[in-house]
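The values are calculated or read from the model by the stated rules, or taken from the named source; none is laboratory data. In this text the structure is predicted, and so the values were computed from the model without any measurement. Cβ atoms come from the backbone with ideal geometry, glycine included; neighbour counts cover every protein chain shown.
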Ligand SMILES: [Zn+2]
C-alpha cells in the first residue's frame, strides 16, 4: 500500500477504485490490525467484502467504514478523499459551491460532505497546553470590521444578538491552538476552560479584559494593557492568537461568507486542525485525517434539524 504522495493528482490516480480506498482506510483506522468496531474483539476474519468478528458472542460483519462518518454514504470513497484533501490543503478552506464544481457533485451534497469532514477534524484527545500560552476571545458575525474593544462595547449595548463568541488558547511553544464557542465572555465561562486546558504554573498572557482577573491563582498571569496602547512587553503579547483569529475570520467571511451559529464550532475545528497541522505537507495532512475516521459521527438529521 502506497501512502506517500506529492499532490492531489497522484492521490486520485492511485485511489481509482473503492477497494484501494478501503485498503488505505483499513491501514489508517486500525494501523494495519483490524478490530471489531461492534465489540472491540481483536480476532477477526477477512471476508470477500470486508471482515467478520471471530468472537462467538458477536460474529458481526464490518468494514473500514463501519461506525464512521463515511458509513452509508452513497458517494465513492475517492470523492471523500478528494474532499478531505481539498478542505485541509486550502489555507482558508473551500466553499461547498467550489468543492461541488471541483468534484462534480451537487452543492448540497458538497455542503454535507464538508460538514462531515469538519467533524472528523475535531481534536478529541487534545494534550494539555503548557509553557507560554495566549488567551483571547473574539466575536464572529455582525460587522466584521469592528475592532475588538468596539465589539465588546457593542455587545454590552446590544446584547449578543447576531454574534457568536469564540474563545481561544494558543500554546506558543507547541504552536497549538484550541478554540471553542462560548455562551458568554465572562470569568465564569472562560476561567474553567483555561483551568481545564492549560497546565498549572504556565505563563498565561491576556489583555486587560476583566474576565481574566484572578488567573494568577494558578498561573503566572501577564496582562498586556491594550486599553492603554500596550501590545507588547518583554515578549508578553497575544499577537499569535490574534493572527489566528484573523485567519479564521478571513476564511469565514471570505470563503464561507457567513456561517450560522449552529455550525460555527465545526469551522473552528477546521481552522484549528489546519493551524495545528500546518507544518506537514498537504498529502501527509490528508493521510493523517484518515486516522481520525472513526472519531466522529454526524447524520443528515443532526445537521439539518
Ligand atoms: Zn465483534
Kindly evaluate residue 110 against the criterion of being assigned to a loop (DSSP other than H, G, I, E, B) and more than 15 Å from the chain's Cα centre (by Cα). no
Quiz item: If you go through the range 92-101 one residue at a time, do you hit one that is over 22 Å from the mean Cα position of the chain (by Cα), away from the ligand (no atom under 16 Å from the Cβ), under 30 Å from residue 250 (Cα atoms) and not in a loop (DSSP other than H, G, I, E, B)?
Solution: yes
Residue count, the range 165-206, condition within 17 Å of residue 272 (Cα to Cα) and at pLDDT below 90, comes to 3
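Restricting to the range 219-235, give me the number of residues that are in a strand (DSSP E or B) and surrounded by fewer than 18 Cβ atoms within 10 Å (Cβ to Cβ). Spell out how you get there, then give the answer.
So in the range 219-235, the residues in a strand (DSSP E or B) come out as 220-224, 233.
Going one step further and asking which of them are surrounded by fewer than 18 Cβ atoms within 10 Å (Cβ to Cβ), we end up with 220, 233.
The number of residues fulfilling the criteria is 2.
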The residue that is nearest to the ligand (Cβ to nearest atom), considering only those in the range 43-66 that are assigned to a loop (DSSP other than H, G, I, E, B) and surrounded by 15 or more Cβ atoms within 10 Å (Cβ to Cβ), is 58
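Residues checked against (1) over 27 Å from the mean Cα position of the chain (by Cα); (2) modelled with pLDDT of 90 or more; (3) closer than 27 Å to residue 21 by Cβ:
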| position | (1), (2), (3) |
| --- | --- |
| 220 | yes, yes, no |
| 228 | yes, no, no |
| 239 | no, yes, no |
| 280 | no, yes, yes |
| 291 | no, yes, yes |
**OP:** Taking residue 9 as the residue in question, decide whether it is more than 16 Å from the ligand (Cβ to nearest atom), without any contact (Cβ under 8 Å) to a residue 24 or more places away in the chain and assigned to a helix (DSSP H, G or I).
**Re:** yes
**Message:** Would you confirm, using the coordinates I've provided, whether residue 77 is touching a helix residue (DSSP H, G or I) at 6+ places or on another chain (Cβ under 9 Å) and either modelled with pLDDT of 95 or more or within 16 Å of the ligand (Cβ to nearest atom) (or both)?
**Reply:** yes
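Name the single residue, out of those in the range 18-34 being part of a loop (DSSP other than H, G, I, E, B) and touching a helix residue (DSSP H, G or I) at 6+ places or on another chain (Cβ under 9 Å), that is nearest to the ligand (Cβ to nearest atom). So that I can check it myself, show each step before the final result.
Just the residues of the range 18-34 that are part of a loop (DSSP other than H, G, I, E, B), to begin with: 31-34.
Applying the additional criterion that residues be touching a helix residue (DSSP H, G or I) at 6+ places or on another chain (Cβ under 9 Å) yields 32, 34.
Details: 32: 18, 34: 11 Å.
Filtering first and then ranking leaves 34.
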Of the residues in the range 186-210, those that are touching a helix residue (DSSP H, G or I) at 6+ places or on another chain (Cβ under 8 Å) and crowded, with 20+ Cβ neighbours inside 10 Å come to 190, 194, 204, 206, 207, 209
